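Asks: Please read through the structure below; I'll follow up with questions.
The values are calculated or read from the model by the stated rules, or taken from the named source; none is laboratory data. From a predicted model like this one, the values you see are computed outputs, not experimental measurements. Cβ coordinates were reconstructed from backbone atoms using ideal geometry, including for glycine residues, and neighbour counts include every protein chain displayed. Side chains included, ligands, DNA and RNA excluded: accessible areas come from the protein's heavy atoms. Shrake-Rupley method; radii C 1.70, N 1.55, O 1.52, S 1.80 Å.
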Amino acid sequence: MQIDDATVREKVRGFVLEDLLLGDSERMPSDDSSLLETGVIDSTGILELIEFLEQNFGIQVADNETIPENLDGIDRVVSYVLSKRS
């Protein structure tokens with residue numbers, strides 16, 4: 001399966017909008033915003049995000065990788081997924 005920045009970004013943004021914001025596009029943060037600081041995600045949401053990434057991109061998210069640098073923001077998630085897939 002071909003994975004590039006645009007594909008990952010589209011899928012992650014879709015997940016954030018539909019699963020975390022329940023379709024409320026008014027609350028959609030910019031790609032470089034913190035999902036935690038904007039109140040979009042909490043600890044349960046992080047677990048949902050990890051499950052989404054593992055199922056949709058065929059990666060394993062190790063416990064030591066569940067850090068803000070990898071998962072707190074759409075830009076960071078996209079970079080993380082691409083690095084895991086390379």
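Asks: Quick one: what pairs do we get from the range 38-59, first residue within 14 Å of Lys84 (Cβ to Cβ) and part of a helix (DSSP H, G or I), second open to solvent by less than 40 Å² (accessible area, probe 1.4 Å) and of a type in the set (Phe, Trp, Tyr), C-beta under 6 Å, 6+ apart or different chains?
Replies: Phe52/Phe15
Asks: Moving to a separate point now. Taking the range 1-24 as the region of interest, how many residues are assigned to a loop (DSSP other than H, G, I, E, B) and closer than 19 Å to Leu47 by Cβ?
Replies: To start, the set of residues in the range 1-24 that are assigned to a loop (DSSP other than H, G, I, E, B) comprises 1-4, 21-24.
Pick out the ones that are also closer than 19 Å to Leu47 by Cβ and you get 21-22.
Looking only at that region, the number is 2.
Asks: Which residues, taken from the range 36-50, are surrounded by 12 or more Cβ atoms within 10 Å (Cβ to Cβ) and of a type in the set (Ser, Thr, Tyr)?
Replies: If the condition is that a residue be surrounded by 12 or more Cβ atoms within 10 Å (Cβ to Cβ) and of a type in the set (Ser, Thr, Tyr), then Thr38 is the only one that fits.
Asks: Let me ask something else. Just to be sure I understand, how many residues within the range 51-86 are open to solvent by less than 20 Å² (accessible area, probe 1.4 Å) and under 16 Å from Gly14 (Cβ atoms)?
Replies: Residues in the range 51-86 being open to solvent by less than 20 Å² (accessible area, probe 1.4 Å) and under 16 Å from Gly14 (Cβ atoms): 7 in total.
Asks: I would also like to ask the following. Which condition number in (1) open to solvent by 70 Å² or more (accessible area, probe 1.4 Å); (2) more than 15 Å from Ala6 (Cα to Cα); (3) among the hydroxyl-bearing types (Ser, Thr, Tyr) is the one that Ser33 fails?
Replies: For Ser33, the exception is condition (1).
Asks: Could you check how many residues of the range 67-86 are of a type outside the set (A, V, I, L, M, F, W, C) and in contact with a helix residue (DSSP H, G or I) (Cβ under 7 Å, 6 or more places away or on another chain)? Don't jump to the end; show me each part of the working.
Replies: Restricting attention to the range 67-86, the residues satisfying the condition of being of a type outside the set (A, V, I, L, M, F, W, C) are 68-70, 72-73, 75-76, 79-80, 83-86.
Add one more test, that the residue is in contact with a helix residue (DSSP H, G or I) (Cβ under 7 Å, 6 or more places away or on another chain), and what stays is 69-70, 76, 80, 85.
Here the count works out to 5.
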